[in-house]
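**Student:** This structure is in structure tokens; I'll ask about it shortly.
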Amino acid sequence: MNMIYKLVKRSGLLSPERRLEFYPPFRAMRIRVLRMENDGRKVVIRLPLNSFNRNPGGGMFGGAMASLADPIAALMCANIFPGNAVWTRHMEIDFIHEARTDLELRFSMDEEQEEIISKTLESKGRATPVFEYGFYDERDRLCAKIINRVAIRPNGYKKSDGALCRR
């Protein structure tokens, strides 16, 4: 994470929504956080279709969707379960319909899933939850379904082979 982003985050000058928009990997994508509720447990982000992410056929380039979908669940888990190293362990994308409009990424973590993750972290010291979310077009049609497995490990966690895993 670059130094300017860290300073902005610590300063409290920007809302969590604006900080996510200025997150360095997302800045060039020109995303817009439309809603963020309950400390990131529910978030809706607009990914605009533009000349930078339009494929030769006129639809949204799948790589643009993957770039936004990849870290969202991990970022939200890092916010909800602080003090842990969090990363995307595995992600699948099912491109259901071609996206020819701006898209909305809709992510949510319900209370039941959060409670299961919390209990797993307490009992096992680590968790690897799976989240399902998606990209929707302007007609509210699911264009891409995301299945994302997130690794949540205590800072300084050592893998079974003795390798140290750090953020």
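**Student:** Got a number for residues in the range 104-115 being open to solvent by less than 70 Å² (accessible area, probe 1.4 Å), out of contact with any Pro (no Cβ under 8 Å at 6 or more places or on another chain) and either farther than 29 Å from residue 154 by Cβ or not acidic (Asp, Glu) (or both)?
**Tutor:** As a first pass, look at the range 104-115 and keep what is open to solvent by less than 70 Å² (accessible area, probe 1.4 Å): 104-105, 107-109, 113-114.
So of that shortlist, the ones also out of contact with any Pro (no Cβ under 8 Å at 6 or more places or on another chain) come out as 104-105, 107-109, 114.
Right, trim to either farther than 29 Å from residue 154 by Cβ or not acidic (Asp, Glu) (or both) and you get 104-105, 107-109.
Matching residues across the range 104-115 total 5.
**Student:** Please state which one of 96, 72, 80, 45 is open to solvent by less than 30 Å² (accessible area, probe 1.4 Å) and over 30 Å from residue 156 (Cα atoms). Even if it seems obvious, please write down each step before you answer.
**Tutor:** Details: 96 fails: open to solvent by less than 30 Å² (accessible area, probe 1.4 Å); 72 fails: over 30 Å from residue 156 (Cα atoms); 80 fails: over 30 Å from residue 156 (Cα atoms).
Residue meeting the stated conditions: 45.
**Student:** Moving on to the next point. Identify, please: which residue in the range 129-165 is among the hydroxyl-bearing types (Ser, Thr, Tyr) and either modelled with pLDDT under 95 or not in a strand (DSSP E or B) (or both) and is, among those, most open to solvent (accessible area, probe 1.4 Å)?
**Tutor:** Going through the range 129-165, the residues among the hydroxyl-bearing types (Ser, Thr, Tyr) turn out to be 133, 136, 157, 160.
With either modelled with pLDDT under 95 or not in a strand (DSSP E or B) (or both) added as a condition, the list becomes 157, 160.
Working: 157: 45, 160: 130 Å².
Filtering first and then ranking leaves 160.
**Student:** Would you tally the residues in the range 61-89 being within 19 Å of residue 107 (Cα to Cα) and either hydrophobic (A, V, I, L, M, F, W, C) or touching a helix residue (DSSP H, G or I) at 6+ places or on another chain (Cβ under 6 Å) (or both)?
**Tutor:** Residues meeting the conditions: 18.
**Student:** So is residue 100 of a type in the set (D, E, K, R) and touching a Gly at 6+ places or on another chain (Cβ under 6 Å) or not?
**Tutor:** Values: of a type in the set (D, E, K, R): yes; touching a Gly at 6+ places or on another chain (Cβ under 6 Å): yes.
So residue 100 passes the test.
**Student:** Can you tell me how many residues in the range 67-98 are within 24 Å of residue 52 (Cα to Cα) and not aromatic (Phe, Trp, Tyr)?
**Tutor:** Initially, the range 67-98 is screened for residues within 24 Å of residue 52 (Cα to Cα), giving 67-72, 91-98.
The next check asks that each one be not aromatic (Phe, Trp, Tyr); those that pass are 67-72, 91-94, 96-98.
Residues flagged as within 24 Å of residue 52 (Cα to Cα) and not aromatic (Phe, Trp, Tyr) within the range 67-98 amount to 13.
**Student:** Does residue 22 fit the bill of being open to solvent by 70 Å² or more (accessible area, probe 1.4 Å) and modelled with pLDDT under 95? Step through it out loud before you land on a result.
**Tutor:** On the way: open to solvent by 70 Å² or more (accessible area, probe 1.4 Å): yes; modelled with pLDDT under 95: yes.
Considered against the rule, which asks whether it is open to solvent by 70 Å² or more (accessible area, probe 1.4 Å) and modelled with pLDDT under 95, residue 22 comes out as yes.
**Student:** Right, another one. Check the range 116-126 and report whether any residue there is surrounded by fewer than 16 Cβ atoms within 10 Å (Cβ to Cβ) and assigned to a loop (DSSP other than H, G, I, E, B). Quick ask: steps written out before the conclusion?
**Tutor:** Taking the range 116-126 first, the residues surrounded by fewer than 16 Cβ atoms within 10 Å (Cβ to Cβ) are 116, 118-120, 122-126.
Checking which are assigned to a loop (DSSP other than H, G, I, E, B) leaves us with 125-126.
Yes: one or more hits.
The values are calculated or read from the model by the stated rules, or taken from the named source; none is laboratory data. Model, not experiment: these values are computed from the prediction. Neighbour counts run over all protein chains shown; Cβ positions are idealised from the backbone, glycine included. Side chains included, ligands, DNA and RNA excluded: accessible areas come from the protein's heavy atoms. Shrake-Rupley method; radii C 1.70, N 1.55, O 1.52, S 1.80 Å.
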